[in-house]
Amino acid sequence: MVKHTATSVVTIDRYIIEEERLHPQATGELSGILYDLALAAKMIANKVRNAGLADVLGATENSNVQGEIQQKLDVLANDIIIKAMDHGGRLCAMASEEMPGLIPIPEQFRCGKYVLLFDPLDGSSNIDVNVPVGTIFSVLCKITRGNKGEMEDLLQPGRQQVAAGYVIYGSSTMMVYTTGQGVHGFTLDPAIGEFLLSHPHIRMPDPGRYLSVNDSYEPLWSDTVRELMQRYRKGDGKKRNGTSSRYVGSLVADFHRNLLGGGIFAYPANRKSPKGKLRLLYEANPLAFIAEQAGGAASDGEHRILDIVPSELHQRAPLFIGSKSNVELAESMLGGALTGVGA
Ligand code: AHG
Ligand code: MN
Ligand code: MN
């Protein structure tokens, strides 16, 4: 595979094909999923960019399976992804943060050998105030027999993922993904409607400069978590310096900054939410795959995120994700070990 630099003019489609060639047995189905996700990302970006003009800001009257009020763009993004992905013949089922159960492939379309899980719009509470939002996706292979996807195909540990990534609708629109061959970032050139390679082989600096955590939950944390945050802030005066606090309330935006600049994002368990807030299957797992592929790590404080065996589609997990030494500090204080001891 050509070792591109950030100056090579390479479209995401070209890059996907070159990555596919690394796997002689590849059928092109996974590449097709990534192409279609890039198309969906362009369509969502267009809606997000014009949200203030077309009546798509604000909330609907409905709430989703999470019990959260659905923003109009949550629903729009969800529908765009389903319609972009349901007919390509590569998927046998999908699951979305915005929908209660398994999303089947319509009868009239062929089923494929992959499943897709996604958070169509992450950071929804930020839409109306023009703070970056994102889309997060995770791809797994079907493991059950038969044609149609089943819940068992969706409830796999994150280490089984074959691809994962996110789109960030920020000062520019970027798509960042991994298929296990490193992490690569593509920036949308709106003038030509193409995602162009801008960040080849992303590596997460370690130790990290940034601490991303919602301090308003401090009164609800355990003493150990409080002490951990203090140690992040102050550093240890030796290897690890102190950190700057950066938290925008969109996981994708906070994660992306830490991926490029080095840092730790933490959403610990607290007395009100003993499993934290973030969802394992379509938030923690895909970003954990990206983090590890970029030399970082992701843990729930006791277990490597990618080793957690899920039991429910929308289950939550405490999340410490980012530069490896920062995650290791969390694990050393909260009782885990990054040895991949599965839950
Ligand atoms: P979503 O909009 O998909 O529900 O995700 C929101 C999540 C995540 O993006 C962010 O890190 C977190 O909620 C912020 O939660 P707090 O407002 O509790 O800090
Ligand atoms: Mn989210
Ligand atoms: Mn969401």
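The values are calculated or read from the model by the stated rules, or taken from the named source; none is laboratory data. Quick caveat: nothing in here was measured; it's all calculated off a predicted structure. Cβ coordinates were reconstructed from backbone atoms using ideal geometry, including for glycine residues, and neighbour counts include every protein chain displayed. Ligands, DNA and RNA are stripped out before the accessible areas are found, and what is left, the full protein with its side chains, is counted by its heavy atoms. Shrake-Rupley method; radii C 1.70, N 1.55, O 1.52, S 1.80 Å.
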Self-check item: Some residue of segment 225-239 being more than 16 Å from ligand 3 (Cβ to nearest atom), polar (S, T, N, Q) and touching an Asp or Glu at 6+ places or on another chain (Cβ under 9 Å)
Solution: no
Quiz item: In segment 95-115, what residues are hydrophobic (A, V, I, L, M, F, W, C) and more than 16 Å from ligand 1 (Cβ to nearest atom)?
Solution: 102, 103, 105, 109, 111, 115
Quiz prompt | Any hit, segment 157-164, residues being open to solvent by 20 Å² or more (accessible area, probe 1.4 Å), at pLDDT below 95 and assigned by TED's automatic domain parsing to the domain that holds residue 41 | solution = no
Exercise. Working only within segment 83-109, note down all residues that are part of a helix (DSSP H, G or I) and over 14 Å from residue 139 (Cα atoms).
Key: 83, 84
Quiz item: Residues of segment 4-40 being open to solvent by 60 Å² or more (accessible area, probe 1.4 Å), without any contact (Cβ under 8 Å) to a residue 40 or more places away in the chain and of a type in the set (S, T, N, Q), which ones?
Solution: 7, 25, 27
Practice problem: Return yes or no: is residue 129 at pLDDT below 95, among the aliphatic types (A, V, I, L, M), surrounded by fewer than 24 Cβ atoms within 10 Å (Cβ to Cβ) and assigned by TED's automatic domain parsing to the domain that holds residue 89? | Solution: yes
Exercise. Taking residue 156 as meeting all but one of (1) more than 22 Å from residue 177 (Cβ to Cβ); (2) away from ligand 1 (no atom under 16 Å from the Cβ); (3) among the polar types (S, T, N, Q), write down the number of the exception.
Key: (1)
Quiz item: What tally of residues in segment 90-127 results from selecting those that are over 19 Å from residue 315 (Cβ atoms) and more than 16 Å from ligand 2 (Cβ to nearest atom)?
Solution: 14
Practice problem: Any chance you could count how many residues in segment 41-79 are assigned to a helix (DSSP H, G or I) and either within 21 Å of residue 101 (Cβ to Cβ) or open to solvent by 60 Å² or more (accessible area, probe 1.4 Å) (or both)? | Solution: 12
Quiz prompt | Scope segment 99-121; condition open to solvent by 10 Å² or more (accessible area, probe 1.4 Å), within 16 Å of ligand 3 (Cβ to nearest atom) and not aliphatic (A, V, I, L, M); matching residues | solution = 100
Quiz item: Does residue 287 qualify as being under 13 Å from the mean Cα position of the chain (by Cα) and farther than 19 Å from residue 185 by Cβ?
Solution: no
Quiz item: Under 8 Å by Cβ, and 6 or more places apart or on different chains, what pairs join a residue from segment 272-284 that is on the phi > 0 side of the Ramachandran plot and open to solvent by less than 80 Å² (accessible area, probe 1.4 Å) with one that is outside any loop (DSSP other than H, G, I, E, B) and at pLDDT 95 or above?
Solution: 276/267; 276/316; 276/319
